[in-house]
Amino acid sequence: MFNKQALIDAFVVRPPAPPAPTPGLYNFQREEDGLVGRYHLRVERDGSGLLLANAKASCLLSVTGVLAAKLLLEGQPQKKVVRVLERNYRGADSAKLKQDVEEVAQTLWQMIRPGRRFPTLDLDDHRAPDAWRQLSAPMCADVEVGSAETGRAIVDQLCALAVPQVVFVVPHSSDPKALVELVEHAEDVGLISGARARASDLQRDGLIDDLAKAGLDHLDIFYASSESAYHDVMLGSGDWNKANKCFEAVKAKEIYAVAVVPLVERHLEDLLAIVEKLRANAVEHAVVYALVSTTGGSGALNPDGLPQMVSVVEEVAEQTGSNSMLWAPPVELSPGQHLPHAMQAGPRAVGQGCVRVTANGELIPAAGPTRSVGNLLSGDWAALWGNPVFKPWREGTALAGRCDICTGMATCVAGCPKDPATWARSGGDA
């Protein structure tokens, strides 16, 4: 029987399929329906990827999803992207590839819709759903602000490692000029930039305006209570009013506002009031971090109370219709440390797959003892990332299982919140 397609395949010279994207960080800007999307696509060594949009939305992509996303962000039409995938993955179901490309295209649009914080999703149907991605570097670095010169070197190294996001941690005595310079430099090299601070440390005249001009993507402001009295005791006299004014100023400058909410015993009862107060200030997103004490009497949470706190966070998120409360690793109070000091220090890093970098470049994991694994500026990255503490992110270790006591809690996938290994601790053994 005459086979027309076989004849075409035999004599028609087809363009070669493009290779998979080289591992690294790719930046794109795209406009759709009047909305501008700023995308960061990090391609991992195994071909999978992490996609971020407008500094607030993220999703995980499969190998095929990475190629589809890159081509779409480069402006290729969906039909052409499907043809490219057919050439790259001969024998794959064409209808399924078309569906996958449509899903990626819809994801790119959904990620930049106003008011949406896209959850981290895995657009991949062939990898086991119970494994972490094999990351080549952290997803974000929380960098302490010191000298502008050293800070720029740290930012350059993070960029070279394809770390897509940096959050500048602002100490009480930091130089506002250095902060502005570092934000500007991070934006110049194409990274997402954020800053985390008490409102009282942002009071220099014109600072928020300068940060907006420098290109700051998000500003994370501490918010300890819906009531000024408790907040001010913990974070400084007058800080509550300053925080509310900061949220107003940030909104006016079109910087993304994030509340940094410490979780202590009293918040088992009044977290909802805090979230409602924040929403009244048009703040829809929060980083929450539990303060833990094994000795009691400080107002911090007892370790046994952590599962209840996690449940409260999830219930409040569901009740308010918010999927925008990010759980940072709990912080253990060191012996003799007062609660206000621990509260003002904040979380070590925004998530388990992130790192802390000191002002002189020391690299500290998000959880475990406060101990450097080496210096980001002088150490060999393969050796630094090869440290055993990063194994779950480096080697795709299976996710933690859920127990019968706390079934269904989302944070359990990064380890039991009652396990000290998941806390940011002041000392002790790893």
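Once you order the gyration tensor axes a ≥ b ≥ c over the Cα atoms, which shape class does region 185-285 get: rounded for a/c under 1.5, otherwise prolate or oblate by comparing a/b with b/c? Intermediate values should be presented prior to the final figure.
Working: a/c = 2.15, a/b = 1.79, b/c = 1.21.
Judged from the Cα gyration tensor, region 185-285 comes out prolate (a/c at least 1.5, a/b above b/c).
What distance in nm separates the simple spin-label points at Glu227 and Glu276, each placed 7 Å from Cα in the Cβ direction?
If labels sit at Glu227 and Glu276, their model points lie 1.5 nm apart.
Can you give the translational diffusion coefficient of region 14-123 in µm²/s, computed by Stokes-Einstein from the Kirkwood radius over Cα pairs at 4 °C and 1.567 mPa s? Walk me through the numbers before you get to the answer.
Working: Rh = 14.0 Å.
Rounded, D is 92 µm²/s.
To the nearest 20 debye, what charge dipole does region 14-123 have about its Cα centre, counting +1 at the Cβ of each Lys and Arg and -1 at the Cβ of each Asp and Glu? Show your work: numbers first, answer last.
Working: 17 positive and 12 negative charges, 32 e Å.
Dipole of region 14-123, to the nearest 20 debye: 160 debye.
By the gyration tensor of its Cα atoms, with a ≥ b ≥ c the square roots of the eigenvalues, what is the shape of region 294-384: rounded for a/c under 1.5, prolate for a/b over b/c, or oblate? Display every interim value, and only then the final one.
Working: a/c = 2.67, a/b = 1.51, b/c = 1.77.
It comes out oblate by the Cα gyration axes.
Just how many % of Cα pairs in region 267-313 lie over 14 Å apart, if you round to the nearest whole percent? Mind dumping the intermediate values first?
Values: 599 of 1081 pairs.
Above the 14 Å cut-off, region 267-313 has 55 percent of its Cα pairs.
Here are some pairs, Lys242/Lys277; Lys56/Lys177; Lys70/Lys391; Lys56/Lys98; Lys177/Lys242; Lys253/Lys277; which of them have Cα atoms lying more than 18 Å apart in this structure?
Numbers: Lys242/Lys277 15 Å; Lys56/Lys177 25 Å; Lys70/Lys391 28 Å; Lys56/Lys98 28 Å; Lys177/Lys242 20 Å; Lys253/Lys277 21 Å.
Exceeds cut-off: Lys56/Lys177; Lys70/Lys391; Lys56/Lys98; Lys177/Lys242; Lys253/Lys277.
To the nearest Å, what is the center-to-center distance of region 156-235 and region 289-317, using C-alpha atoms only?
Between the Cα centres of region 156-235 and region 289-317 lies a distance of 27 Å.
Return the distance in nm (one decimal) between the two label points of a simple spin-label model at Lys253 and Ala160, each offset 7 Å from Cα along Cα→Cβ.
It works out to 3.1 nm between the two label points.
What fraction, in whole percent, of alpha-carbon pairs in region 141-425 exceed 33 Å separation? Show your work: numbers first, answer last.
On the way: 7755 of 40470 pairs.
Summing the P(r) of region 141-425 above 33 Å gives 19 percent of all pairs.
Values in this text are rule-based calculations from the coordinates and carry no lab data. These numbers were taken from a predicted model, which means no experiment stands behind them. Glycine gets a Cβ as well: all are built from the backbone with ideal geometry, and neighbour counts include every protein chain shown.
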